[in-house]
Every structure is written in C-alpha cells, then in structure tokens.
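J.: Below is one structure. I have some questions about it.
The values are calculated or read from the model by the stated rules, or taken from the named source; none is laboratory data. If you're wondering where the values come from, they're calculated on a predicted model, not measured in any experiment. So basically every Cβ, Gly included, is an ideal-geometry build from the backbone, and we count neighbours across all protein chains shown. Note: areas computed on protein heavy atoms with side chains; ligands, DNA, RNA excluded. Shrake-Rupley method; radii C 1.70, N 1.55, O 1.52, S 1.80 Å.
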Amino acid sequence: MKTLTSQKVALVTGGGRGIGAAVCRQLAAEGYAVVVNYTASQATANGLCESVALAGGTAIGLQADVSDEAQVLAMFASIDATFGRLDALVNNAGVVDMTARLDEMNVARWRRMFDINVIGSMICAREAVKRMSTRHGGKGGAIVNLSSAAAKMGSPGQYLDYATSKGAIDTFTLGLAKEVAAEGIRVNGVRPGIIDTDIHASGGLPDRVAQMANSVPMQRGGTADEVASAIVWLLSDAASYVTGTTIDVTGGR
Ligand code: NAP
C-alpha cells in the first residue's frame with residue numbers, strides 16, 4: 001500500500017463527541033492525523049476537525065455506522081485513499097439504552113446493543129488488522145477497545161445488556177491481543193467508570209454522574225480527558241510491551 005502521509009494515522013470511532021472527541025484532540029496534539037468517525041453528529045465532528053486544523057493538526061470526519069459492514073468497509077477504503085496507512089484504532093463508539101431490568105427488555109434492544117458495541121468493534125478491528133498486521137504486509141499498530149466498569153459489576157437493574165456487551169469486549173481484547181501479538185499489533189482495553197458525557201442522558205439518567213459521585217472512592221465522576229489520557233498512553237510507544245490488558249479508569253470504583 002502506498003504511503004500518502006508521514007504522519008501516524010488514527011481512527012477513532014464515535015470520535016465526534018464525549019470520550020472519543022477527547023481522544024481525537026489528544027492524538028492530534030501528539031501529531032497523529034486523526035479520522036473522526038461519526039454517525040449522527042456531523043456538525044460536532046466537523047467542528048472538532050476545524051479546531052484541530054486551527055491548532056495546526058490534521059483531522060477529517062468520516063460518517064459510518066460501525067454496525068453496518070458496508071459502511072465500515074467504505075470508511076476504511078476512504079482512509080486507504082486519503083492516507084495510505086493506519087497506525088491506531090480506538091473502538092470507542094458505544095451505546096446504552098434506557099434503564100431496565102432483564103424481564104423488561106426485548107430482543108431488538110439487545111441486537112442493537114450487541115451490533116454496535118460488540119460486532120461494530122469486531123468489524124473495525126478486523127479491517128485494522130488487515131492493514132496493520134505484518135502477516136498482511138503491514139507495519140504493525142495498536143488497537144484500544146472501550147470496555148466499561150459495568151463489565152465487572154454487571155449493572156443489575158440498570159444496563160445488564162450493556163454490561164454483558166462490554167464483558168464480550170474484554171474477552172475480545174484478550175483473545176485478539178494474543179492472536180496478533182507476533183504480527184506487530186498491540187491490543188488493549190480501557191474500562192471507564194462514571195464519566196461526565198452525554199451517554200447518561202441517552203440512557204434516561206442525565207444527572208447520573210452527580211447522583212453516583214458518592215459511590216466513587218474518589219468522590220467524583222471522571223472526565224473524558226482522563227479516559228483519553230489512558231487510551232493515548234496505550235497507543236503510544238511508552239506502552240510498547242503492554243498488550244492484552246484492560247485498564248480501569250474509575251476513580252477506584
Ligand atoms: P457518548 O458521549 O454517548 O458518545 C457516544 C459516541 O458513539 C458518539 O460519538 C456517537 O456518535 C458514537 N456512536 C454511537 N453509535 C454509533 C454507531 N452505530 N456508529 C458509529 N458511532 C456511533 O458516549 P461516551 O460516554 O463518550 O462513551 C464512549 C465509549 O466509552 C462507549 O463505548 C461507552 O460505552 C464507553 N463508556 C463510557 C462511560 C461513561 O460513563 N461515559 C463509562 C464506561 C464506558 P454520533 O453522535 O455520531 O451518533
């Protein structure tokens with residue numbers, strides 16, 4: 001594959017807002033050319049790209065629903081054509097749903113949750129591996145998957161399906177890391193705790209961070225930038241011997 005840029009290139013799914021946007025800003029500041037993936041948040045993603053450019057960095061927005069294989073393939077083809085390389089993938093796109101018990105949930109909800117949170121991450125990782133792996137003529141790379149503290153706690157009575165999808169992500173991180181460790185690719189995860197983003201409002205609990213702050217040993221919710229810092233470290237050469245692990249960023253929870 002022809003290299004069109006000397007900059008390292010990172011794809012951040014769901015990069016237009018929340019934790020993903022913080023990752024994009026930090027990676028751009030580190031000198032990466034950043035691909036900001038979004039589904040609905042086009043204006044926000046474009047605004048982020050403009051602010052990165054104003055600061056002297058490189059960022060482009062690409063629309064794709066990560067659970068739609070054809071859209072993901074088109075996104076990777078566009079990255080190939082624009083940059084000719086991919087060094088980092090952050091599987092950040094993820095959704096919760098309204099708070100409910102298992103006996104109140106339906107299968108359509110579970111399919112959407114797993115399609116986006118699990119299958120979407122797997123499709124993007126597969127396409128990244130095809131480009132990064134030395135087995136396929138690539139130069140290596142790093143992948144970080146967004147898990148959640150929910151994977152360890154189970155989220156009873158709230159988001160049991162979400163917690164289960166993130167448990168799958170933990171296993172995926174472990175297995176894929178071992179599968180491609182000898183091919184130049186490191187795969188790690190981050191398990192955020194209660195982080196101040198819009199995800200809680202999308203689950204019908206806009207005040208969740210303030211309400212749950214007392215349950216956190218550090219007595220506060222975390223910021224998107226605090227999660228992004230762990231992700232950016234895992235992608236960096238400073239983490240060159242780290243693979244197959246998932247870091248809790250939870251304030252001790
Ligand atoms: P957020 O503010 O709700 O943002 C979610 C992001 O995912 C948005 O950029 C959204 O893009 C994107 N997205 C959703 N569905 C998508 C799809 N089908 N295809 C592509 N992108 C899609 O959430 P966040 O708090 O930043 O969460 C980011 C990640 O951290 C998620 O995986 C989440 O599960 C995990 N996490 C968050 C917390 C927390 O407390 N915030 C805790 C643990 C884990 P559009 O706006 O364009 O749709």
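J.: Just flag the trypsin sites (Lys or Arg not before Pro) in region 1-62 sitting in loop per DSSP whose Cβ has no more than 15 other Cβ atoms within 10 Å.
T.: Values: sites: K2, K8, R17, R25; in loops: K2, K8, R17.
In loop regions of region 1-62 (DSSP not H, G, I, E or B), the sparsely surrounded trypsin sites (Lys or Arg not before Pro) are K2.
J.: Carbon and sulfur atoms: what percent of the 1.4 Å accessible area of the chain do they account for?
T.: On the way: 6040 of 11420 Å².
With neighbouring chains kept in place, the figure for the chain is 53 percent.
J.: Hey, could you pull the Cα Rg and Dmax for the chain, both in Å?
T.: For the chain, the Cα radius of gyration and maximum Cα-Cα distance read 17.3, 53 Å.
J.: With charges set only on the Cβ (+1 for Lys and Arg, -1 for Asp and Glu), what does the dipole of region 98-141 come to about its Cα centre, in debye to the nearest 20?
T.: Numbers: 9 positive and 4 negative charges, 67 e Å.
Taking the Cα centre of region 98-141 as origin, the dipole is about 320 debye.
J.: Shifting gears a bit: What is the magnitude of the charge dipole of the chain about its Cα centre, with +1 placed on the Cβ of each Lys and Arg, -1 on the Cβ of each Asp and Glu, and no other charges, expressed in debye to the nearest 20?
T.: Working: 22 positive and 23 negative charges, 95 e Å.
Its charge dipole is roughly 460 debye.
J.: Assuming a strict under-23 Å limit between Cα atoms, what lysine pair count do you get for the chain once near-sequence pairs (fewer than 8 apart, same chain) are dropped?
T.: 10
J.: On each of the three principal axes of the Cα atoms of region 163-253, give max minus min coordinate, whole Å, ordered largest first.
T.: Computed over region 163-253, the largest-to-smallest principal extents equal 45, 27, 20 Å.
J.: For region 1-119, with the dipole built from +1 on Lys and Arg beta-carbon atoms and -1 on Asp and Glu ones, taken about the Cα centre, which of N92, T39, V52 lies farthest toward the positive end?
T.: Value: V52.
J.: On full extension of the chain, what length is gained from A108 through R126, given 0.36 nm per residue of separation minus the C-alpha to C-alpha distance?
T.: Values: separation 18, 0.36 × 18 = 6.48 nm, distance 2.50 nm.
Roughly 4.0 nm would be gained on extension.
J.: Please name which of M212, N145, L176 has its Cα lying farthest along the dipole of region 73-221 towards the positive end, using unit charges on Cβ (Lys, Arg +1; Asp, Glu -1) and the Cα centre as origin.
T.: About the Cα centre, the residue reaching furthest to the positive side is L176.
J.: Also, quick follow-up: Using the Kirkwood radius built from alpha carbon pairs, what does the Stokes-Einstein equation give as D for region 44-136 at 20 °C and 1.002 mPa s, in µm² per second?
T.: Values: Rh = 15.3 Å.
Approximately 140 µm²/s, per Stokes-Einstein.
J.: GluC sites (Glu not before Pro) within region 1-83: which are DSSP loop residues with at most 16 other Cβ atoms inside 10 Å?
T.: On the way: sites: E30, E50, E69; in loops: E30.
Taking region 1-83 and a limit of 16 other Cβ atoms within 10 Å, the loop GluC sites (Glu not before Pro) found are E30.
J.: Right, next: Percent of Cα-Cα pairs per 10 Å bin, from 0 to the last occupied bin, for region 122-196, please list those.
T.: In order of increasing distance, the bins hold 21, 43, 24, 11, 1 percent.
J.: Around E30, under 13 Å between beta carbons, what's the net of Lys plus Arg minus Asp minus Glu among the other residues?
T.: Working: positive: K8, R25; negative: D87, D237.
With Lys, Arg at +1 and Asp, Glu at -1, the net is 0.
J.: Just to confirm a number: summing +1 for Lys and Arg and -1 for Asp and Glu over residues other than I123 whose beta-carbon lies under 12 angstrom from that of I123, what do you get?
T.: Result for the neighbourhood of I123: -3.
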